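Have a look at the structure below, then the notes.
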Amino acid sequence: MNVNILLLKRIHEGILTGATGSPVNFAKKLDISRSQLLKMMKFFREELDAPIDYSRPKSSYYYTEDCDFYFGIVRSRKDTLRQDIIDAISKAANDVINRTIIFLWLVLNIPY
């Protein structure tokens, strides 16, 4: 099956807003046939494991759990993660130093 990423994104956005309408109406909004929409919904459920259901009273597709659709290039977070670790260690060290100074000032009456 050829997959149109932009179409997948539009389907996801429609489901998120809760304004898909019936399968026929949603297919019209997407400019595809009802059968194409049903194939795409099957793809979402089976291949992407998307928690999608349809509400007859609301006449709309919806997600049964919070989720998001993402397609793109993910860059390595190695450098960012390294900096986050350095920042966390630095903050922890500063906290220890500040607590030690406060302790000395309060308990031992050593000038601050």
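The values are calculated or read from the model by the stated rules, or taken from the named source; none is laboratory data. These numbers were taken from a predicted model, which means no experiment stands behind them. Neighbour counts are summed over all protein chains in view; Cβ atoms, including those assigned to glycine, are modelled from backbone coordinates with ideal geometry.
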Out of curiosity, is residue 27 small (Gly, Ala, Ser), part of a loop (DSSP other than H, G, I, E, B) and on the phi < 0 side of the Ramachandran plot?
no
When you go through (1) at pLDDT 75 or above; (2) touching a Phe, Trp or Tyr at 6+ places or on another chain (Cβ under 9 Å); (3) of a type outside the set (A, V, I, L, M, F, W, C); (4) in a loop (DSSP other than H, G, I, E, B) one by one for residue 111, which number turns out not to apply?
(1)
Every pair of residues 6+ apart whose Cβ atoms lie under 6 Å, when the first sits in segment 57-70 and is of a type outside the set (Ser, Thr, Tyr) while the second is not in a loop (DSSP other than H, G, I, E, B)
69/12
Looking only at residues that are at pLDDT 90 or above and outside any helix (DSSP H, G or I) in segment 1-22, which one is surrounded by the most Cβ atoms within 10 Å (Cβ to Cβ)?
20
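Scanning for something within 16 Å of the chain's Cα centre (by Cα) and aromatic (Phe, Trp, Tyr), does segment 70-91 turn up at least one residue?
Quick first cut of segment 70-91, residues within 16 Å of the chain's Cα centre (by Cα) only: 70-74.
In the following step, the residues that additionally are aromatic (Phe, Trp, Tyr) were identified as 70-71.
Yes; the residues of segment 70-91 include at least one that is within 16 Å of the chain's Cα centre (by Cα) and aromatic (Phe, Trp, Tyr).
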Going by what's in this entry, would residue 48 be described as modelled with pLDDT of 80 or more, in a helix (DSSP H, G or I) and within 23 Å of residue 3 (Cα to Cα)?
no
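I want to confirm something. Restricting to segment 51-75 and keeping residues that are among the aromatic types (Phe, Trp, Tyr) and either loosely packed, with under 10 Cβ neighbours inside 10 Å or outside any loop (DSSP other than H, G, I, E, B) (or both), which single residue is modelled with the lowest pLDDT?
Among those residues, the one meeting the criterion is 70.
Examine segment 92-100 for a residue that is among the hydrophobic types (A, V, I, L, M, F, W, C), surrounded by fewer than 15 Cβ atoms within 10 Å (Cβ to Cβ) and modelled with pLDDT of 90 or more, and state whether such a residue exists. Walk me through how you get there before you give the answer.
Taking segment 92-100 and keeping what is among the hydrophobic types (A, V, I, L, M, F, W, C), we get 92-93, 96-97.
Among the residues that remain, those that are also surrounded by fewer than 15 Cβ atoms within 10 Å (Cβ to Cβ) are: 92-93, 96-97.
Remaining after also requiring modelled with pLDDT of 90 or more: none.
Within segment 92-100, not a single residue is among the hydrophobic types (A, V, I, L, M, F, W, C), surrounded by fewer than 15 Cβ atoms within 10 Å (Cβ to Cβ) and modelled with pLDDT of 90 or more.
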